[in-house]
Structures are given as structure tokens and as C-alpha cells.
1. For the range 15-52, which positions are touching a His at 6+ places or on another chain (Cβ under 7 Å) and farther than 13 Å from GLU72 by Cα?
2. Please count how many residues of the range 34-69 are over 11 Å from THR16 (Cα atoms), in a helix (DSSP H, G or I) and at pLDDT below 95.
3. Restricting attention to the range 93-100, does a residue exist that is within 20 Å of ALA13 (Cα to Cα) and out of contact with any Ser or Thr (no Cβ under 7 Å at 6 or more places or on another chain)?
4. Give the number of residues within the range 1-39 that are touching a residue at least 12 places away in the same chain (Cβ under 8 Å) and surrounded by 13 or more Cβ atoms within 10 Å (Cβ to Cβ).
5. Let me spell it out: the conditions are (1) among the charged types (D, E, K, R); (2) in contact with a Pro (Cβ under 7 Å, 6 or more places away or on another chain); (3) over 25 Å from LEU7 (Cβ atoms), and ARG61 meets all of them except one. Which number is the exception?
6. Using the structure shown, decide if ASP14 is more than 20 Å from ALA64 (Cβ to Cβ), at pLDDT 95 or above and acidic (Asp, Glu).
7. I'd like to verify a number: residues in the range 75-87 that are of a type outside the set (Ser, Thr, Tyr), free of Cβ contacts under 8 Å to residues at least 60 places away in the same chain and surrounded by 10 or more Cβ atoms within 10 Å (Cβ to Cβ), how many?
8. For residues that are in contact with a Lys or Arg (Cβ under 6 Å, 6 or more places away or on another chain), of a type in the set (Ser, Thr, Tyr) and farther than 17 Å from ARG61 by Cβ, tally how many sit in the range 1-47.
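The values are calculated or read from the model by the stated rules, or taken from the named source; none is laboratory data. All values reported here derive from a predicted model rather than from experimental measurement. Every residue, glycine as well, gets a Cβ built from its backbone with ideal geometry; the counts of neighbours run over all protein chains shown.
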Amino acid sequence: MDDPLSLSFAALADPTRRAILARLSSGEATVMELAAPFDMKQPSISKHLKVLEHAGLISRRQEAQKRPCKLETAQLEKVSRWVEAYQHLWEDSFDRLDSYLFEIQAGARRGE
């Protein structure tokens, strides 16, 4: 599973990693800052960060004793474009459901 889209979806499948990305959307953070809201040790958070980094969703750099993490939006944009390609399917389904519900309501008003 080396294609970037598969790696991204696999990384996004975990709620902890999604929460980390949500936190990073407001700016860079250290591993300790990212670990703070979770009931897990720093090594566990580091494993999640490695998955996110491997998927191209975050980057890390060395800054003295810290390794701040940063959200990388390019790969998220690719995921978004892939999902948007299927948006018309959902919209069509909702349109059909809306029409069906309208028919049912109209029939109920006519006493059918």
C-alpha cells in the first residue's frame, strides 16, 4: 500500500490521527503538546505521527530539543479532490430521496 491516496485514507481512518490533524490545523505543535489531550504516552503519539508523516499529511522538523509538527495541506487537497469527484452521486441520491418524500407527503395530503 504505497500509493499516496491509500496511505492518506489509512491514516485518516484513526480518530486519534484525525484529532491530531484538527489540532495542527490551528498551527504547529510539539509532540508533547499533541499528546496532552490524549490518555496515552508520548511513544504512542509518536507512532501516530509517523503514520501521518508517512502519508504526507504532516511534516516534522528539528528545532533545538523539539520536533514541531506541521500540517501539510497538499495531500489533504488530493484527498478532498478525490472525494469531491463522487459528490454528484450523493447529491443525486439526496435529490431522489427529496422527490420521493415530496410524493409521499403530497399523497398523504390527498388522503392516499
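1. Residues satisfying the conditions are THR16, ARG17.
2. Of the residues in the range 34-69, 3 are over 11 Å from THR16 (Cα atoms), in a helix (DSSP H, G or I) and at pLDDT below 95.
3. no
4. Residues meeting the conditions: 22.
5. Looking at each condition in turn, ARG61 falls short on (3).
6. Values: more than 20 Å from ALA64 (Cβ to Cβ): yes; at pLDDT 95 or above: yes; acidic (Asp, Glu): yes.
Yes.
7. 3
8. Qualifying residue count, the range 1-47: 0.
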